[in-house]
Amino acid sequence: MPLDLQVRVLRLVQEREIENIGSITAEKIDVRVIAATHRTLESRVAEGLFREDLYYRLAVIPLTLPPLRERRDDIPLLVGEFFERSKRKHGKPGLSLPPHLMKYFVDYRWPGNVRELENVIERIVVLARGDEITLHDLPDFLRRERPAIDMLQLELPPRGISLEGVEKELLIRALEKFDGNQTHAAKYLDISRKALRYRMEKHGIPRKGVEDEEEFERSRDIHLK
């Protein structure tokens, strides 16, 4: 949201009034405001891209919706709902999804969250050749084997361990592995580049080499245009 528009929204929230187009007088309104974003507003405020006063006006009752990979118990319910919905949409009432395939959906990280899950289910239903979904009907990225936790050779100390610390260490090692290239590090960790940047900001990890990478992305976009 541009800063000039943020000023108008601040007036709406703070003064409870608006000006209609072409009007010279303000009109009082009585509304409730629900604001949603996928960005980290605290960092946007620090960068001067989001007004601090508007942020505190909006953040009265903050609600955080965890990503789908942190709500794995919800995945089977969502798979079942989307599967039934897609069967009705594409006229395949007799199509079935065996329970043993559910683990492939639960184990995947779903960087695109619920929307990605819904689209994948519809793709599977549309492309299914028989009356029962098989392993070969699943996209390659769902069937891809993930390394077991034992392969990471983690040792759990007797006094406990910080999950935040483990995440930070994994981020640092992945970035070091690819000389600071965020795109490659994100792909290696099976998360989006935006998710990687969010976690880097959360843990205070410096963005080494980001200028060269962003310059490459900009030049590529110009070339494609």
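Test Leu101 against the criterion of being out of contact with any strand residue (DSSP E or B) (no Cβ under 8 Å at 6 or more places or on another chain) and buried (at least 16 other Cβ atoms within 10 Å of the Cβ), and give yes or no.
Taking the combined requirement at face value, the residue satisfies it.
Could you identify the single residue in Val114, Val106 that is touching a Pro at 6+ places or on another chain (Cβ under 8 Å), among the hydrophobic types (A, V, I, L, M, F, W, C), in contact (Cβ under 8 Å) with a residue 24 or more places away in the chain and closer than 30 Å to Lys202 by Cα? Reasoning before the result, please.
Values: Val114 fails: touching a Pro at 6+ places or on another chain (Cβ under 8 Å).
Only one candidate passes the filter, namely Val106.
Of everything in segment 75-84, what is surrounded by 14 or more Cβ atoms within 10 Å (Cβ to Cβ) and either farther than 14 Å from Arg123 by Cα or without any contact (Cβ under 8 Å) to a residue 40 or more places away in the chain (or both)? Give them in sequence order.
Ile75, Pro76, Leu78, Glu84
Those residues that are under 25 Å from Asn119 (Cβ atoms), aliphatic (A, V, I, L, M) and in a helix (DSSP H, G or I), I need them from segment 47-88; list them, please.
Matches in segment 47-88: Leu68, Ile75, Leu77, Leu78, Val79.
Return the residues of segment 128-163 that are modelled with pLDDT of 85 or more, loosely packed, with under 10 Cβ neighbours inside 10 Å and either within 21 Å of Tyr108 (Cβ to Cβ) or of a type in the set (Asp, Glu) (or both); say none if nothing qualifies.
Selection gives Asp131, His136, Asp140.
Search segment 18-30 for residues being over 34 Å from the mean Cα position of the chain (by Cα) and charged (D, E, K, R), and hand back the single one that is surrounded by the fewest Cβ atoms within 10 Å (Cβ to Cβ).
Step by step, filter segment 18-30, then rank; the result is Lys28.
Of all residues in segment 31-71 being more than 22 Å from the chain's Cα centre (by Cα) and touching a residue at least 24 places away in the same chain (Cβ under 8 Å), which is surrounded by the fewest Cβ atoms within 10 Å (Cβ to Cβ)?
Val33
Testing Leu78 on (1) over 29 Å from Gly94 (Cα atoms); (2) at pLDDT 90 or above; (3) not polar (S, T, N, Q), one condition comes back false. Which one is that?
(1)
Can you name the residue in segment 116-127 that is surrounded by 13 or more Cβ atoms within 10 Å (Cβ to Cβ) and of a type in the set (Val, Ile, Thr) and is also farthest from Gly94 (Cα to Cα) among such residues?
Restricting to residues being surrounded by 13 or more Cβ atoms within 10 Å (Cβ to Cβ) and of a type in the set (Val, Ile, Thr), the top hit is Val120.
Does Gly91 satisfy the criteria of being in a helix (DSSP H, G or I) and more than 15 Å from Thr134 (Cβ to Cβ)?
No.
Among the residues of segment 104-118, write down those that are at positive phi and part of a helix (DSSP H, G or I).
The one that is at positive phi and part of a helix (DSSP H, G or I): Asn113.
Which of (1) of a type outside the set (A, V, I, L, M, F, W, C); (2) in a loop (DSSP other than H, G, I, E, B); (3) under 30 Å from Asp190 (Cβ atoms) does Asp30 not meet, given it meets every other one?
(3)
Residues being loosely packed, with under 15 Cβ neighbours inside 10 Å and part of a loop (DSSP other than H, G, I, E, B): count how many of those fall in segment 193-205.
1
The values are calculated or read from the model by the stated rules, or taken from the named source; none is laboratory data. What you see is a predicted model, and the numbers here were worked out from it, not measured in a lab. Cβ sites come from the backbone with ideal geometry, for glycine too, and all protein chains shown count toward neighbours.
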